[in-house]
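Input: a single structure, listed below in C-alpha cells.
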Amino acid sequence: MTLIIVGAGQTGRLFLEVIRRRGEVACVGFLDADPALHGREIDGVPVLGGDDLLAAAPAGADAVAIAVGNLRLRRLLFRRACDLGYHLPPIIDPSANLASSVRLGAGVFVSMGSTLLNATAIGDLTLIGTGVNVLHDTVLGANCLIGGGATIGAEVTMEEDVFVGVGAVLASGRKRIGAGSRIGAGAVVIGDVPAGAFLLGNPARVIGKANEE
C-alpha cells in the first residue's frame, strides 16, 4: 500500500511518524493547500502539491490519510478521497493499547500511548491524540478530534464533529455529547452537552456557541 498524507503541518508530521513506526505502509508524499510548501520536504518526504492532485493519484498512491484540523475541510477531503476510490486505513501507533473488541471506522488515527478499552466504537475519520484514555462501552462519532491527555469516560456517546481539548475529562456515565460541540482544554464534563455548544471550566459550563474552525 502506498499512501499520501493530506496536510503537511504538525498533525501531518505526527501521522508520518506513526506510519514509519508501524512500517507497514509506504508514505510517498504530502499534499497541502499552502503553495509555499510545494516542492519542499517534510521530514524527508516531499510535498507534491495541493489536494487537487488527489484526482491524479500522485506517485501511484492508493491510500490517503487526512491530517488537517479544520473539521469541515476534513469531511470534504474524506468524501473526495472516498469518491475517488482511495483506501483510508486506520493508522494506529504501535504503543497504543486497543482491546480486541474495539471497532474502528475508516481513516481513524490513534496516537502514541493512547488506550481504548472494551466495546468502544470509533467513527470514520476520528483522530485520537497522544495519551488519550477511552473507557469501556463508549461511542465516538465520525470526524471527532480528541486532544492529547483527554479522558473519555465509560458509556459516553459522542456524536459527530466534536472537538475535545487537551487534558479534558468527560466523566463516566450514560451521557451524550451533542454534534458539533467544542470542549475546551482541561474542562471537566459531568453531564450532557448540547449540540453546537462551547464549554469551559471545572465543572464545564456552556459559555457560547461552537466555532467550526
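A few points about this structure:
- The residue list 63, 67 contains one member that is buried (at least 17 other Cβ atoms within 10 Å of the Cβ) and farther than 25 Å from residue 148 by Cα, which is 63.
- The sole residue among 164, 108 that is touching a Pro at 6+ places or on another chain (Cβ under 6 Å) and open to solvent by less than 20 Å² (accessible area, probe 1.4 Å) is 108.
- Of the residues making up region 133-160, those that are part of a loop (DSSP other than H, G, I, E, B), in contact with a Lys or Arg (Cβ under 8 Å, 6 or more places away or on another chain) and open to solvent by 20 Å² or more (accessible area, probe 1.4 Å) are 155, 159.
- Number of residues in region 25-63 that are in contact with a Pro (Cβ under 9 Å, 6 or more places away or on another chain) and within 19 Å of residue 81 (Cα to Cα): the value is 10.
- Sole residue being open to solvent by 60 Å² or more (accessible area, probe 1.4 Å), at negative phi and either among the hydrophobic types (A, V, I, L, M, F, W, C) or touching a Lys or Arg at 6+ places or on another chain (Cβ under 6 Å) (or both), chosen from 84, 88: 84
- Selection count where residues are acidic (Asp, Glu), within 16 Å of residue 110 (Cα to Cα) and in contact (Cβ under 8 Å) with a residue 24 or more places away in the chain, scope region 1-42: 1
- Restricting attention to region 112-136, the residues being in contact (Cβ under 8 Å) with a residue 40 or more places away in the chain and in contact with a strand residue (DSSP E or B) (Cβ under 8 Å, 6 or more places away or on another chain) number 2.
- If the condition is being open to solvent by 30 Å² or more (accessible area, probe 1.4 Å), touching a residue at least 12 places away in the same chain (Cβ under 8 Å), among the hydrophobic types (A, V, I, L, M, F, W, C) and over 20 Å from residue 129 (Cβ atoms), then region 180-213 contributes 190, 195, 206.
- Test: residue in region 113-123 that is in a strand (DSSP E or B) and either over 20 Å from residue 180 (Cβ atoms) or open to solvent by 40 Å² or more (accessible area, probe 1.4 Å) (or both): yes
- Per the listing 58, 46, the residue uniquely touching a Lys or Arg at 6+ places or on another chain (Cβ under 9 Å) and surrounded by 14 or more Cβ atoms within 10 Å (Cβ to Cβ) is 46.
- Complete set of residues in region 91-105 that are open to solvent by less than 20 Å² (accessible area, probe 1.4 Å), free of Cβ contacts under 8 Å to residues at least 40 places away in the same chain and either in contact with an Asp or Glu (Cβ under 7 Å, 6 or more places away or on another chain) or part of a strand (DSSP E or B) (or both): 105
- Residue count for region 151-179, restricted to those that are over 19 Å from residue 67 (Cβ atoms) and either among the charged types (D, E, K, R) or touching a strand residue (DSSP E or B) at 6+ places or on another chain (Cβ under 7 Å) (or both): 17
The values are calculated or read from the model by the stated rules, or taken from the named source; none is laboratory data. Given the structure is predicted, the values throughout are model-derived calculations rather than measurements. Quick reminder, even Gly has a Cβ in these numbers, built from the backbone with ideal geometry, and neighbours come from all protein chains shown. Heavy atoms of the whole protein, side chains included, go into the accessibility calculation; ligands, DNA and RNA do not. Shrake-Rupley method; radii C 1.70, N 1.55, O 1.52, S 1.80 Å.
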